[in-house]
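Enquirer: Sharing a structure below in structure tokens format, with a few things to ask.
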Amino acid sequence: MKKFLWIIVVAFVLSFTQTSCNYNALVSNEEEVKAAWGQVENVYQRRADLIPQLVNTVKGAANFEKSTLEAVTQARAAASSIKIDPSNMTADDLAKFQNAQDQVGSTLSRLLVTIEAYPELKANQNFLDLQAQLEGTENRIAVERKKFNEATQKYNVDRRKFPRIIFAKIYGFKDRPYFEAAAGSEQAPTVEFDF
């Protein structure tokens with residue numbers, strides 16, 4: 001009888017240890033995804049914070065196309081209004097966020113191309129500094145999106161491994177979506193600046 005009781009206790013302890021290890025690993029991986037998402041939001045916010053400065057610098061140019069500035073401002077406002085809870089992120093949520101951010105990038109590109117017709121802007125040191133900061137921010141965005149996708153991949157793979165998949169289903173750990181390249185992004189845009 002004592003031997004049977006010990007077997008039950010050992011089986012219970014092993015089962016509890018296995019459950020807690022699997023659960024804790026899933027929680028750790030999920031937190032890595034959330035932290036990576038926080039960094040993605042951080043760099044997109046940096047870009048959003050630079051846009052008003054850029055728009056104000058460009059506004060000073062005589063006869064500058066107001067519709068271009070309005071498009072940039074509207075795209076920024078639309079992108080800033082999209083908030084995602086990383087705990088409940090769906091592929092649709094991420095697609096809406098990504099689409100809005102792609103719109104910001106597109107309008108910024110149009111703005112920078114339009115500036116070619118304004119030599120006084122191209123010579124403005126404040127504009128040049130903002131342009132350099134935007135370029136650095138775009139690089140940071142790419143890096144943080146990559147880190148987010150790596151953390152998401154680690155989480156998704158770990159979540160699907162046996163026996164974690166059982167615990168993931170029991171405790172409600174769901175697959176997380178990835179950032180995907182925008183349609184047509186395999187073709188590098190041609191942008192030329194004459195300085």
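Enquirer: Given LYS34/LYS96; LYS34/LYS154; LYS147/LYS174; LYS146/LYS169; LYS96/LYS174; LYS96/LYS169, which pairs have Cα atoms separated by over 21 Å?
Expert: Checking Cα-Cα distances, LYS146/LYS169; LYS96/LYS169 exceed 21 Å.
Enquirer: Same structure again: Which ordering of VAL58, VAL157 is given by a fewest-first count of other beta-carbon atoms within 10 Å?
Expert: Ranking VAL58, VAL157 by Cβ neighbours within 10 Å, fewest first, gives VAL157, VAL58.
Enquirer: What ranking, highest mean first, results for peptides 70-82, 29-41 when packing means the other Cβ atoms within 10 Å averaged over each residue?
Expert: Final packing ranking: 29-41, 70-82.
Enquirer: Remind me, what semi-axes does segment 98-153 give for its equivalent ellipsoid, largest first in whole Å, using sqrt of 5 times each Cα gyration tensor eigenvalue?
Expert: Calculated on Cα positions only, the semi-axes equal 29, 13, 6 Å.
Enquirer: In addition: Cross-link candidates for LYS122: which lysines have Cα within less than 28 Å, leaving aside residues fewer than 8 places away along the same chain?
Expert: Filter leaves LYS59, LYS66.
Enquirer: Calculated FRET efficiency, ALA78 and CYS21, Cβ-Cβ r, R0 30 Å, to nearest 0.05?
Expert: Using R0 = 30 Å, I get an efficiency of 0.10.
Enquirer: Quick one: net charge around TYR171, please, counting Lys, Arg +1 and Asp, Glu -1 for every other residue with C-beta under 13 Å from its C-beta.
Expert: +3
Enquirer: Rounded, prolate or oblate: which fits segment 33-142 when a ≥ b ≥ c are the square roots of the eigenvalues of the alpha-carbon gyration tensor, with rounded for a/c under 1.5 and prolate only if a/b beats b/c?
Expert: prolate
Enquirer: Segment 34-100 to segment 125-153: how many Å between their Cα centroids?
Expert: When both Cα centres are located, 13 Å separates them.
Each reported figure results from applying straightforward, stated rules to the coordinates on display, with no laboratory input. Keep in mind it's a predicted model, so treat the numbers as computed, not measured. Positions of Cβ are backbone-derived with ideal geometry, glycine not excepted, and every protein chain shown enters the neighbour counts.
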